[in-house]
1. Take segment 161-172 and flag every residue that is surrounded by 14 or more Cβ atoms within 10 Å (Cβ to Cβ) and free of Cβ contacts under 8 Å to residues at least 60 places away in the same chain.
2. Take the conditions of a type outside the set (Ser, Thr, Tyr) and in contact with a Lys or Arg (Cβ under 9 Å, 6 or more places away or on another chain) and apply them to Glu32. Does it pass?
3. Name, by its number, the condition in (1) touching a helix residue (DSSP H, G or I) at 6+ places or on another chain (Cβ under 6 Å); (2) buried (at least 17 other Cβ atoms within 10 Å of the Cβ); (3) at pLDDT 90 or above that does not hold for Tyr187.
4. Go through (1) touching a residue at least 24 places away in the same chain (Cβ under 8 Å); (2) out of contact with any helix residue (DSSP H, G or I) (no Cβ under 6 Å at 6 or more places or on another chain) and name the single condition Ala428 misses.
5. For segment 52-151, list the strands (runs of 3 or more DSSP E) that sit wholly inside it and hold at least 2 residues that are touching an Asp or Glu at 6+ places or on another chain (Cβ under 8 Å) and either more than 23 Å from Val204 (Cβ to Cβ) or open to solvent by 20 Å² or more (accessible area, probe 1.4 Å) (or both); which are they?
6. Looking at (1) charged (D, E, K, R); (2) open to solvent by 70 Å² or more (accessible area, probe 1.4 Å); (3) part of a loop (DSSP other than H, G, I, E, B), which is the only condition Lys427 fails?
7. Report, ordered by the first and then the second residue, all pairs with beta carbons closer than 9 Å, sequence separation of six or more or different chains, a first member in segment 57-83 that is without any contact (Cβ under 8 Å) to a residue 12 or more places away in the chain, and a second member that is of a type in the set (Lys, Arg).
8. Only one of these conditions is not met by Val176: (1) of a type in the set (A, V, I, L, M); (2) touching a Lys or Arg at 6+ places or on another chain (Cβ under 9 Å); (3) surrounded by fewer than 23 Cβ atoms within 10 Å (Cβ to Cβ). Which number is it?
Amino acid sequence: VKSKVNTKSPEFQANYKEMLGLVDQLQERLQEATFEGSDRLLALHHKREAILARERVELLLDDDTPFLELCPLAGYGQEDMTVGGSQVAGIGLVCGVECMITANIPTLQGGAWNASTMARGSRISEIAWINRLPHIQLVQSAGANLAQQSRVFHPGGAGFRHLAERSKAGLPSVAVVFGSSTAGGAYIPGMSDYVAMVKGKAQVFLGGPPLVKMATGEITDAENLGGAEMHSRKSGVSDQLAMDEYHAISMAREFVSGLNWTKQGQLPIRHIKGLFDGPLYDPDEILGIVSANIRIPFDALEVIIRLVDGSRFTQFKPLYGPNLICGWATIHGIPKYEEEGIIKAGSRFINAVSNSQVPCITIVMGASYGAGNYAMAGRAYQPRFLFSWPNSKCSVMGAEQLTGVLDIVMRDSTKKSGKVIDEEMAKASMEMFQAMVENESDVYWTSSRCFDDGVIDPRDTRTILGFCLSVCYNVPVKGGNLYGVSRM
């Protein structure tokens, strides 16, 4: 497909400048999400000869391989939350195997779980389950944040149930325990298929020595109560006793290498051998095509040809339904099916999306409102992955439209009751409501609550799609060698 974009036009240049500003803001916020604690706590952690959470993940991964962090902005902007839920989580390669990896950040509130941890953990578990990924957890957690116990305890049990379900389904779960892991943190190694603990550092117990003393009057120390050696020699909770953290990480890698884990779906040979072309047009140009203002339309085909192999895209019924683009293309040699816009027969479209057997990946690249969100495989329709661009918004409808509808309903109700409208109060109320809707439809508000799997730089979309499509092949492909990628 030949591009019609004039990269020298004032419109392109203006779009590029605005979108680049949004991308820069995104990078700043993603950088905030890598925060692992104060300098004092980091120094204390290193003094104990312990490795930071992100360093543990890096050591676990194969050299020079990608790591797709998921829901990194969970908790962002929410009161009493840690950005990311005091954990690192994403998909990476371990001994050539795509694995889900989570790591507690012990230098942030002792790695304690808060409400954002629960939201992120639930989504991480869902992705690992549906894509048949081995799950490696790097554990060092104080368990539930007691100040948020009602928001953590009630949903928290689902994570332990999920570990049991994984074991029954033959999906490996690995726990590497680096330090003190109490209460809920103790259940993870207790229910994992393979456990390694670091000698002299790992401690696993439901309640520590103070709780034992309060409950029974017995005086004991942490090492005898739940130390790595005790669990390796007596309780059997630990399968391997590691001499240090590096040794423990190497044990986890060795376990994964011995799984003989293979994909149940067959990736195309051209993907495996790298026999595919990149787009003819620079993905960087996407920033000039898409407007930061979601009210300004753009040509979705121009975006597609900057993502797909060789910019080759075969349209399906190109003259039918001008607000819908469908067709075939490949990304990194993997076939896929493209959709853009909304169809007239919305209910039938929703029915088709609901009953589709092919894995779907959704990219929200603008306004995603109401039934359009459902029809294009929004979160409620369980796409394998869902990512947002930093200019996107998602809600039942636009803030102005929703406020206008509410104003009409309010005025009709007041008129029927025979009352007189206080215009000044009504205006203030509507302005407050509109501001609330605008805030709740903002991409960082929705991403903070894990309504997507992350906000991404539009220029990284092709790479992320290629990685996710490969992950999808861990399970058998249903409905033929055809994948759905919807763009809203």
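1. The initial filter retains those residues of segment 161-172 that are surrounded by 14 or more Cβ atoms within 10 Å (Cβ to Cβ), namely 162-163, 166-167, 171-172.
Residues satisfying the conditions are His162, Leu163, Arg166, Ser167, Leu171.
2. Numbers: of a type outside the set (Ser, Thr, Tyr): yes; in contact with a Lys or Arg (Cβ under 9 Å, 6 or more places away or on another chain): no.
Judged against the criteria, Glu32 is not a match.
3. (3)
4. So Ala428 meets the others, but not (1).
5. Values: elements: 67-69, 87-94, 97-104, 135-139.
Counting at least 2 such residues, we get 87-94.
6. In the conditions (1) charged (D, E, K, R); (2) open to solvent by 70 Å² or more (accessible area, probe 1.4 Å); (3) part of a loop (DSSP other than H, G, I, E, B), Lys427 misses (3) alone.
7. Short answer, once both residue conditions are applied: none.
8. All conditions pass for Val176, except number (3).
The values are calculated or read from the model by the stated rules, or taken from the named source; none is laboratory data. None of these values were measured; they are calculated from a predicted model. In this analysis, Cβ positions are derived from the backbone assuming ideal geometry, glycine residues included, and neighbour counts consider all displayed protein chains. For the accessible areas, the whole protein counts, side chains as well, though only heavy atoms, and no ligand, DNA or RNA atoms are used. Shrake-Rupley method; radii C 1.70, N 1.55, O 1.52, S 1.80 Å.
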